[in-house]
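Q: Below is one structure. I have some questions about it.
The values are calculated or read from the model by the stated rules, or taken from the named source; none is laboratory data. Since the structure is predicted, the reported quantities are computational estimates derived from the model, not experimental observations. Reconstructed Cβ throughout: ideal geometry from the backbone, glycine too, with neighbour counts over all protein chains shown. Accessible surface areas use protein heavy atoms only, side chains included; no ligands, DNA or RNA. Shrake-Rupley method; radii C 1.70, N 1.55, O 1.52, S 1.80 Å.
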Amino acid sequence: MRTALVIGTGLIGTSAALALQGRGVQVYLEDHDLAQARTAAALGAGTAEPPPETVDLAIVAVPPAHVAAALAGAIRRGAARAYIDASDPAMWIDILAANPGPVADVLGEIAADLDETVRSLRALESADDAKRGSGAGGIEDVLRRGNAGRERVPGKHGAAPAAYEIVAVHIGDQPGELARIFADAGRAGVNIEDVRIEHATGQQAGFIQLMVEPQAVPGLIAELRERGWSIRQ
């Protein structure tokens, strides 16, 4: 694969473009907001110049309501061919038939945990104190085992999981906001370890939670406030 077209240069599209660029693929960036595409290009995600007539790979990373129109437009002008992401049952039968035992074992363990959780929740409804106590114990056991499993998941680059601080920033629901806040964090010399987005019900806004090293928090907050961002305390 030598060329790729990324339609939509928000967080997902720009991340995919950066990964492709890092593997030597020539990436062309498209967005209904040309300034956002140019911002992504400035971050090294590719070029905002028009793509060639066809590319080897097209990625559509736009809001769900606009996926169909964006994909249809790319197909119409010949930049992409339709392949849209449904799983072929026959293909998955071949995959699962290669190791049915281990897959069944894992699913059996998950099913057992779910059954126990359901029984414990039902017990919590009981008027009997002993049953309620048993139900609470069952729920606590499941949660403790879940926490223990989570602690075994490797952290960044396979290292032990690290504890990060959260900086919550008010962010508008419009193109370019994610790219702008990432760029501002970069100017502060802060590496964002993880991101979560909390949408505000009924509003065209929300909060983005930036997970960073604890020592980076004061500098990040100061930089973001200086650039007009509202920080949630």
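Q: Please work out if D94 is modelled with pLDDT under 85, loosely packed, with under 12 Cβ neighbours inside 10 Å and part of a helix (DSSP H, G or I).
A: yes
Q: Specify the residue that is nearest to G10 (Cα to Cα); the eligible residues are those in the range 181-201 that are surrounded by fewer than 17 Cβ atoms within 10 Å (Cβ to Cβ), under 22 Å from the mean Cα position of the chain (by Cα) and of a type outside the set (A, V, I, L, M, F, W, C).
A: R196
Q: What is the residue count in the range 27-58 for residues that are open to solvent by less than 70 Å² (accessible area, probe 1.4 Å) and under 20 Å from D184 (Cα atoms)? Can you show your working first?
A: So in the range 27-58, the residues open to solvent by less than 70 Å² (accessible area, probe 1.4 Å) come out as 27-31, 33, 35-37, 39-41, 44-48, 51-52, 55, 57-58.
Restricting the remaining residues to those that are under 20 Å from D184 (Cα atoms) gives 33, 35-37, 39-41, 44-46.
Residues meeting the conditions: 10.
Q: Checking G24 against (1) open to solvent by 60 Å² or more (accessible area, probe 1.4 Å); (2) on the phi < 0 side of the Ramachandran plot, which test does it fail?
A: (2)
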